[in-house]
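To start, the structure under review is shown below, and the notes come after it.
Just so you know, all these numbers are worked out from the coordinates, no wet-lab data involved. Since this is a predicted model, take the numbers as computed values, not measurements. Note that each Cβ is placed from the backbone with ideal geometry, even for glycine, and that neighbours are counted across all protein chains shown.
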Amino acid sequence: MKPAPDDHSRWGDASLPIRVAAERLLSNAKAYDPGLHVTLAEVQRAARWQGRTGTAGMPARLVAAAAAGLVLITGGVALSRGWLARREAVAPSMKGAPASAVAPVERRRRSRTALRGPAVGEAARDVGGDRAAGEGAVVESPPGSPGQPGSAGTPGEPVAQGPSAAAAPWRPVEGSEDRAAVPVPSPASPPARRVAPATSSVSRTPSVSVPSLPSLPSLPSLPPVLVASPVSPPAFQAPPTLGSPAGAETTQIRDALAQLRRARNPAGALELLDGYDRRFPAGLWRQEAAIVRIEALLALGRSREALDAFDAVPQVALDRSPRLRVTRGELQARYGLCGAADADFSAVLRVPVAEEIRARALRGLAACAK
Amino acid sequence: MKARVGTQEIHLVSAALASGKSAAGRLTSVPLLEEIYRLHAEDVGRWAARLGGPSVDVDDVVQEVFMVVNRQLSRFRGDAKLTTWLFRITDRVVRNHRRWRAVRRVMTQLTARHGERLASREATPLEALERHAAVRAAYQVLDQVPDKYRRVLILAELEEMPGEEIAQLLDVPIATVRVWLHRGRRAFLARVRARDEADEDDERERRDRQERQERLMR
């Protein structure tokens, strides 16, 4: 069967060019000789390795089938247990929350957002804010501030809350390791103050009862300035340890907030904040103090000073709080600083924000455009 | 190695292996892997290169074949010729390699060994490239022939094996080999014709395009 070099008869009645092409292709294929480089030692080594790993005698298909089965079983178990399910972050809104509910408060890396009571201010009049009284305001504080669970100063410290906070369970917010849940009292609860019940994370420091504040009359319906979400009436964090400097700082801020929101005395709040600044020029709560000061100044109608007070608020806090930023933009727009105001409004519009904030930013932009 | 045999037996086995079968028609003892490798590694390498073409790594195939031989040696009873047994294993391993060709190509192209071989065998890189392209083109046509006929076609045309030897190797009657070879050649010619026609079409299209461009330039 060995073909002679000039024997084309085996190709049948194919035309000459096709026969020539076929011969040429076959001669090219015949010229292929890659040579053999593998040695007996390599084969023996591979055979020994195969014997050691126990795959000897096991067909490759069986190994592949076993591997595929293992993957399928693991995947099925993972799916059934929900290991692969993506956990959704709990929204910080308190709308429709029951009286005994716990308000999850976001604690981000660079600053913390706490829920506060209502705020009064003239910026809200500019905007035409329509929030009812009792809505909360956002106050941001730097990380490591006293009273934050897990912070450097008072790790896992219980936070004294309003009345129902004592009964509210202390639990972490699901979906984020960076968050800590702060119990927020319900509006209907009586204004008694107690320290939150001790848990495993809380029991490291002694709990101290805080003398209860006098009960306050209900607040009139006023639009808030720095409102984050509708929440229960003022929840204030008790000092971790009253004797410590951090506790004294916290007490002073707490009193200023009480003056502003409960006693509706922004002037008194400002006095307390001035005292705070004098006593703690590098205090841990200075960022919150600056924001409370802005709120108090707006409540007093001293919007120019409020705008100046924004200088003490770090940029990171403004970046993280569109509400603060839009407020600053409105104040800048009022005093003709339309370039800076435009920047603030545009920055707010670049990120997903609540519809109310968005509307305020758009109105501000339109006002500047005129 | 499943079983060991003495030196005396090794010589007997070697003689038996050289003839393909023992005097009794069956192997009386299990041959050594070393012996089989020494006698048949070149054959296995050549078969692997012929059957697989440039798309498979011959060394990988040979190693895998002898690992299979090592595993199955104790079960080899000598019913068939050792070369037939080895060819069947090689054919199966090459087919597996060709199935995974796409994946293997990516991996082997990254290894320096592949490049060294190309560089060392040819006078110039261009020569190596041309030769490689010619072989690849030949195997592109051969790969379109059905597997059954392709195997016989390769053994007859590239290995230049006589029909009787192919029949022994494949353990099929000689008449079957002739039929397969005839069909294989016919299929191969049909693919060559189709390829040439496609080449002519491409050439015509290229000429037309060139003419159009020249007309536009004028």
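If r is the Cβ-Cβ distance from B:Glu200 to A:Ile73 and R0 is 51 Å, what FRET efficiency results, to the nearest 0.05? Please report the intermediate quantities before stating the final value.
Working: r = 56 Å, r/R0 = 1.10.
Approximately 0.35, to the nearest 0.05.
Could I have the simple spin-label model distance between B:Leu129 and A:Ala64, label points 7 Å from Cα toward Cβ, reported in nm to one decimal? In this crude spin-label approximation the distance works out to 3.5 nm. In order along the range B:59-76, the Karplus-derived 3J(HN,Hα) couplings, from 6.51 cos²θ - 1.76 cosθ + 1.60 at θ = phi - 60°, round to 4, 4, 4, 4, 4, 5, 4, 6, 6, 5, 4, 4, 6, 9, 4, 5, 8, 6 Hz, and Gly and Pro are given as x. Summarised as an ellipsoid, the range B:144-218 has semi-axes of 44, 9, 7 Å, derived from the eigenvalues of the Cα gyration tensor scaled by 5 and square-rooted, with the largest first. Here r is the Cβ-Cβ distance between A:Gln315 and A:Asp274 and R0 is 25 Å; the resulting FRET efficiency, rounded to 0.05, is 0.55.
Going by neighbour counts of Cβ atoms within 10 Å, the residues A:Val326, B:Val141, A:Val316, A:Val63 line up, fewest first, as A:Val63, A:Val316, B:Val141, A:Val326.
Karplus-based coupling profile of the range B:90-97, in residue order and whole Hz: 4, 4, 5, 5, 4, 4, 4, 5, with θ = phi - 60° in 6.51 cos²θ - 1.76 cosθ + 1.60 and x standing for Gly or Pro. Between B:Glu34 and A:Ala367, the simple label model (points 7 Å from Cα in the Cβ direction) yields a spacing of 9.6 nm.
Applying the Karplus relation 6.51 cos²θ - 1.76 cosθ + 1.60 with θ = phi - 60° to the range A:248-256 yields 3J(HN,Hα) values of 5, 4, 4, 4, 5, 5, 4, 5, 4 Hz, where x marks Gly and Pro.
Ordered by the count of other Cβ atoms within 10 Å of each Cβ, fewest first, B:Trp85, A:Trp49 give A:Trp49, B:Trp85.
Extension gain, A:Ala85-A:Ala31: 0.36 nm per intervening residue step, less the Cα-Cα distance, totals 13.6 nm. Other residues lying with their Cβ under 9 Å from the Cβ of B:Phe188 contribute a combined charge of +3, Lys and Arg counting +1, Asp and Glu -1.
Could you tell me the calculated FRET efficiency between B:Gln210 and B:Asp147, based on Cβ-Cβ distance and R0 = 35 angstrom, to the nearest 0.05?
On the way: r = 41 Å, r/R0 = 1.16.
Efficiency at R0 = 35 Å is approximately 0.30.
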